[in-house]
1. Are there GluC sites (Glu not before Pro) in region A:51-113 that DSSP puts in a loop and that have at most 14 other Cβ atoms within 10 Å, and which ones?
2. Any idea what the B:ARG103 label distances to the other copies are, label 7 Å down the Cα→Cβ vector, nm, shortest first?
3. What gaps in nm, shortest first, separate A:ARG79 from its twins in the other copies when you place the label 7 Å past Cα toward the beta carbon?
4. Normalised by the number of residues in region B:7-123, what is the relative contact order in percent for Cα pairs under 8 Å and 6+ residues apart?
5. Over the alpha-carbon set of region A:7-123, work out the extent along each principal axis and list the three values in angstrom, largest first.
6. From other protein chains only, count the Cβ atoms within 10 Å of every residue's Cβ in B:81-89, then give the mean.
7. Using the beta-carbon distance between B:SER89 and A:HIS29 and R0 = 30 Å, what value does 1/(1 + (r/R0)^6) give for FRET efficiency, to the nearest 0.05?
8. What is the distance, in nm, between label points placed 7 Å from the Cα along the Cα-to-Cβ direction at A:LYS75 and at B:LEU99?
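Computed from the coordinates by the stated procedures, all read-outs in this text should not be read as laboratory data. Since we're looking at a predicted model, the values are computed, not measured. In this analysis, Cβ positions are derived from the backbone assuming ideal geometry, glycine residues included, and neighbour counts consider all displayed protein chains.
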Number of protein chains: 2
Amino acid sequence: MKETETGIEITLEIVCGKWKGLILWKLLHEKPMRFNQLRREIDGEISSRILSRELRKLTDDGLIERIDYEMVPPKVEYRITPYGKTTASFLTIMNEWGLEHKRMSTSKKEMARLINKQTQDEFG
Amino acid sequence: MKETETGIEITLEIVCGKWKGLILWKLLHEKPMRFNQLRREIDGEISSRILSRELRKLTDDGLIERIDYEMVPPKVEYRITPYGKTTASFLTIMNEWGLEHKRMSTSKKEMARLINKQTQDEFG
DNA sequence: ACAAGTACTTACAATTTTGTTACTATTCTA
DNA sequence: TAGAATAGTAACAAAATTGTAAGTACTTGT
């Protein structure tokens with residue numbers, strides 16, 4: 001970490017990417033979850049290799065915890081830590097903002113579709 | 001955009017990556033800025049190609065605005081839009097959280113350093 | 001006349017992230 | 001006795017992101 005980094009950069013390093021935000025979000029709202037359970041419930045099909053890697057990163061950063069029951073067949077649970085829970089402060093707002101943005105851009109696209117159709121009707 | 005996406009995913013698509021969060025953060029707190037001015041002030045040296053691309057993405061998403069004064073030599077300013085200003089709701093918290101995390105992980109590293117030194121003194 | 005600055009773009013290269021496939025040992029279920 | 005499920009890992013491949021170098025047309029300052 002450079003000295004000059006803003007908090008933004010640091011937070012993005014931790015939460016950015018295709019999966020980490022989602023995993024955190026899931027674990028913030030559900031009980032501790034087992035590996036394959038998480039895999040099934042995350043939409044968009046995450047591979048086990050990727051899930052494994054992302055979980056380790058989050059664990060290394062102290063946001064989640066790995067609980068190994070040391071049995072066969074293996075049982076491992078992942079649970080959010082108290083520190084991980086503090087990410088809710090911005091994840092909640094990001095979620096709301098994202099939903100709002102989705103509504104906006106959907107209507108923008110719809111408008112573009114209508115304009116395109118009109119142009120087609122006129123010149124097509 | 002898939003139907004099943006959470007707000008988190010959508011927001012991350014927009015703000016994620018090495019530069020976009022920083023650029024937004026900069027424009028949230030400063031007056032409209034010119035291209036090379038932004039380039040100079042962003043720490044970590046962003047290339048003009050990358051800056052150009054990131055600015056266009058943010059413009060496409062309606063978060064910033066490009067004002068072309070149409071003069072020679074060229075003068076173009078980038079300014080945050082009212083909609084872009086709404087990202088402050090989570091960026092502010094992300095910034096605070098990131099600074100806090102930095103403090104934490106710095107002290108963790110310091111602790112690791114002390115422990116390593118102690119082990120060296122005992123066995124080295 | 002020459003260097004420096006303006007806001008970029010193009011062609012290309014390196015790096016990082018993400019994904020696929022196949023595999024492990026063991027137990028439970030049909 | 002075959003098949004599924006458990007939590008992963010290793011070797012490899014593709015895709016996305018980020019970067020570098022050079023160039024554009026024009027003006028200002030030395």
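1. A:GLU70
2. Here the equivalent label points are 3.6 nm apart from this one.
3. 5.3
4. So the answer I get is 23 percent.
5. So the three principal-axis extents are 70, 35, 22 Å.
6. Per residue, the number of nearby Cβ atoms from other chains is 2 on average.
7. The pair B:SER89/A:HIS29 has a calculated efficiency of 0.90.
8. 4.5
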